[in-house]
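The values are calculated or read from the model by the stated rules, or taken from the named source; none is laboratory data. No experiment lies behind these values; they were computed from the predicted model shown. A quick note on method: Cβ atoms are made from the backbone with ideal geometry, for glycine too, and the neighbour counts reach across all protein chains shown. The protein model used for the area step is the full one, side chains on, heavy atoms only, and it has no ligands, DNA or RNA in it. Shrake-Rupley method; radii C 1.70, N 1.55, O 1.52, S 1.80 Å.
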Amino acid sequence: MDSRKATIAVEMRVRDAGLRPTRQRVALAELLFAKGDRHLSAEELHEEALGAGVPVSLATVYNALHQFTEAGLLRILAVEGAKTYFDTNTSDHHHFYVEGENRVFDIESSAVTVANLPEPPEGMEICNVDIVVRLRPKRAV
């Protein structure tokens, strides 16, 4: 797909999610979705954008990521205190997090079973269960 067709496809994706396809939103969406399923922090996307010649502030990146999340284009994954990743794979799935490397990757979907969830409070429903399995290199014995 040539770059103009790719841009049009991204514009449609943004528009179909109920967002106005501004130049900055489309540029950020192209960076987000061009490489398949990814886990990115706002800071990482900001660096990518600047490297690609997209003049955008970190605040604009945060705003766009949260708008994409509210529109269903991304999932938020909080892994370490204030460290938040945005996942382009919005299906129900779980993650490994490599401590010290700030690296997140998907767990094979069939590898985890969640059982015995509590009853949600009245008037509420469970919409998602996120499991993050933290990893570190094996320590020498």
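Per the helix-only calculation at 222 nm, which mean residue ellipticity applies to the chain, given -39500 (n - 2.57) for every DSSP H run of n ≥ 4 and division by its residues, nearest 500 deg cm²/dmol?
Counting only the DSSP helices, I get -10500 deg cm²/dmol.
Under 27 Å from the Cα of residue 35, which lysines turn up, not counting those fewer than eight places away in the same chain?
5, 83
For residue 114 and residue 58, what is the calculated FRET efficiency with R₀ set at 25 Å and r taken between the beta-carbons, to the nearest 0.05? If you can, show how the numbers build up before the last one.
Values: r = 35 Å, r/R0 = 1.40.
Once rounded, the FRET efficiency stands at 0.10.
Ordering 124, 12 by accessible area with a probe of 1.4 Å, largest first, what comes out? Please list the in-between numbers first.
On the way: 124 125, 12 85 Å².
So, going from the largest accessible area down, we get 124, 12.
Using the heavy atoms of the protein chains alone and a 1.4 angstrom probe, what is the accessible area of region 34-73 per residue in square angstrom?
Result: 52 Å² per residue.
Assuming a ≥ b ≥ c are the square roots of the Cα gyration tensor eigenvalues, decide whether region 6-141 counts as rounded (a/c under 1.5), prolate (otherwise, with a/b larger than b/c) or oblate.
Oblate.
What FRET efficiency would be calculated for the residue pair residue 22, residue 82, taking the C-beta separation as r and a Förster radius of 25 Å, to the nearest 0.05?
0.40
Within a Cβ distance under 15 Å of residue 111, other residues only, what is the Lys/Arg minus Asp/Glu net charge?
-4
Using a 1.4 angstrom probe and counting only protein chains, how large is the accessible area of residue 8 in Å², to 10?
Probe radius 1.4 Å; accessible area of residue 8 about 80 Å².
In region 32-141, which trypsin sites (Lys or Arg not before Pro) are in a loop and have at most 14 other Cβ atoms within 10 Å, using DSSP for the loop call?
35, 138, 139
Quote to one decimal, in nm, the extra length available between residue 122 and residue 135 on full extension: 0.36 nm per residue of separation minus the C-alpha distance between them.
1.1 nm
Using a 1.4 angstrom probe on heavy atoms only, work out the carbon and sulfur share of the accessible area of region 1-138 in %. Write out the running numbers ahead of the final one.
On the way: 4440 of 8760 Å².
Here carbon and sulfur together make up 51 percent of the probe-accessible area.
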